[in-house]
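Asker: Here it is, the structure, as structure tokens.
The values are calculated or read from the model by the stated rules, or taken from the named source; none is laboratory data. Quantities reported herein were computed from a predicted structural model and do not represent experimental measurements. Using ideal geometry, Cβ is built from the backbone for each residue, glycine included, and neighbour counts are taken over all protein chains shown. Each accessible area value is taken on the protein alone, full model and side chains, heavy atoms only, with ligands, DNA and RNA left out. Shrake-Rupley method; radii C 1.70, N 1.55, O 1.52, S 1.80 Å.
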Amino acid sequence: MSEEATPLPPRNPVIHNAAIVGAIITPIAMLLPPRKIDIRFFVLAGAFSLSTNQLAYAYTGQSLYSRFGTRAGSVFDLGLPEGARRTQQLIKERKEREAALKAASSADIKDHSLVKDIWMGGESEDWKQKRAQEHQKSFEEGKGMSGIIMDQIAEVWSGNWRGDKKPKTEDEAPKRTPEDK
């Protein structure tokens, strides 16, 4: 049985000719004096590597770098089938999740409640229902969405966004007596 030839990638003549010139000129330039390993040597070696890689890709359809990667991968590969590798990955992810849950559950509850309080901004769990009721009440009063948004911005700006913790008007504020001063 004969193998079908894989189609080669299309060649760009400028790149192909530059690769040929680079593969010939760079080793000659590396042999010219001064023969020492410096930045000039590494630039020429890199150019030679890229040139030969491009020529190998143009002639075979597979670059030298991809060949090296394939061979190195087969050397270091565990030889497991795809299903076994996937199962290993799933087990590893499950162990990481369990470790994270264990670390989170062993953390101090105070820290958790403080973080939750900061995250929620001092609001209770049913804040969405309360907010929906406030919006409905505002709509019934004739306010539009822009009015609701401006009210919320004004609350935050004035510092009254903490809810029941701070009084909203002077009438609701506790009266100060001369003894308090």
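Asker: Please list Leu50, Leu64 from largest to smallest accessible area, probe radius 1.4 Å, with all protein chains kept in place. Don't skip to the end; give the middle numbers.
Answerer: Values: Leu50 110, Leu64 70 Å².
Result of the area sort, largest leading: Leu50, Leu64.
Asker: For Lys102 and Glu155, FRET efficiency with R0 = 41 Å and r from the beta-carbon atoms, rounded to 0.05?
Answerer: On the way: r = 41 Å, r/R0 = 1.00.
Efficiency, from the Cβ-Cβ distance: 0.50.
Asker: Right, here's the next one. Which percent of the accessible heavy-atom area of segment 47-87 goes to carbon and sulfur, probe 1.4 angstrom?
Answerer: Details: 1880 of 2960 Å².
That fraction is 63 percent.
Asker: Moving on to the next point. Using 7 Å Cα-to-Cβ label points, what is the Gln62/Arg40 separation (nm, one decimal)?
Answerer: Taking the simple label geometry, Gln62 and Arg40 are separated by 3.8 nm.
Asker: Here is a further query. Once the piece of chain linking Lys116 and Ala29 is laid out straight, how much longer is it, given 0.36 nm per residue of separation minus the C-alpha distance between them? The partial results should precede the final answer.
Answerer: Numbers: separation 87, 0.36 × 87 = 31.32 nm, distance 6.66 nm.
Contour length minus the Cα-Cα distance gives 24.7 nm.
Asker: While we're here: What does the highest-first list of 56-62, 141-147 look like by mean Cβ count within 10 Å?
Answerer: Values: 56-62: 14.9, 141-147: 10.1.
Ranked by mean Cβ neighbours within 10 Å, highest first: 56-62, 141-147.
Asker: Over the heavy atoms of Ser74, what accessible area does a 1.4 Å probe trace out, to the nearest 10 Å²?
Answerer: 80 Å²
Asker: Quick check: with the 1.4 Å probe, what order do Ile118, Ile149 take by accessible area, largest first? Don't skip to the answer; put the middle values down first.
Answerer: Numbers: Ile118 120, Ile149 80 Å².
From most accessible down to least: Ile118, Ile149.
Asker: Can you tally the lysine pairs in segment 50-160 where the Cα-Cα distance is under 27 Å and the two residues are eight or more apart, or on different chains?
Answerer: Lysine pairs meeting the criterion: 12.
Asker: Would you kindly find the accessible area of Phe68, with a 1.4 Å probe and non-protein molecules such as ligands, DNA and RNA excluded, rounding to the nearest 10 Å²?
Answerer: So the heavy atoms of Phe68 present about 150 Å² to solvent.
Asker: Moving to a separate point now. Let me cross-check Trp127: its accessible surface, 1.4 Å probe, with only protein heavy atoms counted, in Å² to the nearest 10?
Answerer: 100 Å²
Asker: How much accessible area per residue does segment 12-68 have, counting only protein heavy atoms and a probe of 1.4 Å, in square angstrom? Don't skip to the end; give the middle numbers.
Answerer: Details: 3870 Å² over 57 residues.
Accessible area per residue: 68 Å².
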